[in-house]
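These notes are about the structure you will find just below.
The values are calculated or read from the model by the stated rules, or taken from the named source; none is laboratory data. Computed from a prediction, not measured in an experiment: that's the story for all the values here. When we count neighbours, we look across all protein chains shown, and the Cβ atoms used for this are built from the backbone with ideal geometry, even at glycine. The protein model used for the area step is the full one, side chains on, heavy atoms only, and it has no ligands, DNA or RNA in it. Shrake-Rupley method; radii C 1.70, N 1.55, O 1.52, S 1.80 Å.
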Amino acid sequence: MKKICIVLILLSFLLSACARAAHSLRVDDAAKAVLQEFGETEQFQKADEDFITTNFDTENVTEAAVYFADDGTEFGFFQLADINEKDTMQASIRAYVNSERESVNSLAALYPAEELTRRLERFDHVNIGVVGDLVYYFISDEALTKRALKQIHS
């Protein structure tokens with residue numbers, strides 16, 4: 001009888017662990033965790049839906065959030081209806097990032113300024129990835145990106 005009880009307890013722990021692993025991170029939860037890690041959350045603006053649909057391929061996206069700050073730091077999360085479309089979403093993000101980099105590079109060529117140079121440096125540390133059924137990107141300095149990634153991968 002004791003063995004049966006122990007086996008049942010172990011099975012219940014195993015099942016609860018599987019249920020937690022199957023649970024995916026939500027867009028709002030991921031964004032909140034990153035904003036808290038970055039600190040000074042008031043410096044970030046949340047992009048509106050028009051910005052997201054204009055700049056990204058959102059055909060397979062069920063929920064999205066993009067945040068940006070005046071210093072050029074930017075990040076976004078995209079919940080996918082079908083995770084098999086992650087490569088398409090990542091390609092869409094890469095196209096957006098390349099377009100933004102070209103825009104800032106053009107401005108920096110016309111108006112050399114330290115602020116624009118710092119913004120361009122953030123593009124050297126772009127991180128695009130997947131966690132659960134979320135595709136994310138970060139345009140930030142390397143240290144902040146590493147800290148944010150710890151938050152969403154934990």
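General remarks:
- Cross-chain or 6+ apart pairs with Cβ under 8 Å, the stretch 115-138 first and in contact (Cβ under 8 Å) with a residue 12 or more places away in the chain, then among the aliphatic types (A, V, I, L, M) and open to solvent by 70 Å² or more (accessible area, probe 1.4 Å): Leu116/Leu107
- Unmet criterion (only one of (1) more than 17 Å from the chain's Cα centre (by Cα); (2) touching a residue at least 24 places away in the same chain (Cβ under 8 Å)) for Ala64: (1)
- Test: Ala64 is open to solvent by 10 Å² or more (accessible area, probe 1.4 Å), in contact with a strand residue (DSSP E or B) (Cβ under 6 Å, 6 or more places away or on another chain), hydrophobic (A, V, I, L, M, F, W, C) and under 18 Å from Val126 (Cβ atoms): yes
- Within the stretch 142-154, residues that are under 13 Å from Phe75 (Cα atoms) sit with their Cβ atoms under 7 Å from residues that are among the small types (Gly, Ala, Ser) and surrounded by 14 or more Cβ atoms within 10 Å (Cβ to Cβ), at 6+ positions apart or across chains, in these pairs: Ile152/Ala30; Ile152/Ala33.
- Arg101 falls short on exactly one of the conditions (1) surrounded by fewer than 15 Cβ atoms within 10 Å (Cβ to Cβ); (2) among the basic types (Lys, Arg); (3) free of Cβ contacts under 8 Å to residues at least 40 places away in the same chain, and that condition is (1).
- Count of the stretch 42-61 residues which are in contact with a Phe, Trp or Tyr (Cβ under 9 Å, 6 or more places away or on another chain) and either farther than 14 Å from Gly76 by Cβ or touching a residue at least 40 places away in the same chain (Cβ under 8 Å) (or both): 3
- Some residue of the stretch 70-93 being in a helix (DSSP H, G or I), open to solvent by 70 Å² or more (accessible area, probe 1.4 Å) and touching a strand residue (DSSP E or B) at 6+ places or on another chain (Cβ under 6 Å): yes
- For the criterion of being modelled with pLDDT under 95 and part of a helix (DSSP H, G or I), Ser16 passes.
- Only one entry in Leu134, Leu110, Leu149, Leu116 is among the hydrophobic types (A, V, I, L, M, F, W, C), over 12 Å from Ala30 (Cβ atoms) and open to solvent by less than 80 Å² (accessible area, probe 1.4 Å), namely Leu116.
- From the options Phe78, Phe123, Phe138, residue that is modelled with pLDDT of 90 or more, more than 12 Å from the chain's Cα centre (by Cα) and closer than 24 Å to Gln36 by Cα: Phe123
- Filter result (out of contact with any strand residue (DSSP E or B) (no Cβ under 7 Å at 6 or more places or on another chain), outside any helix (DSSP H, G or I) and either at pLDDT 95 or above or open to solvent by less than 30 Å² (accessible area, probe 1.4 Å) (or both)) within the stretch 25-55: Gly39, Asp48
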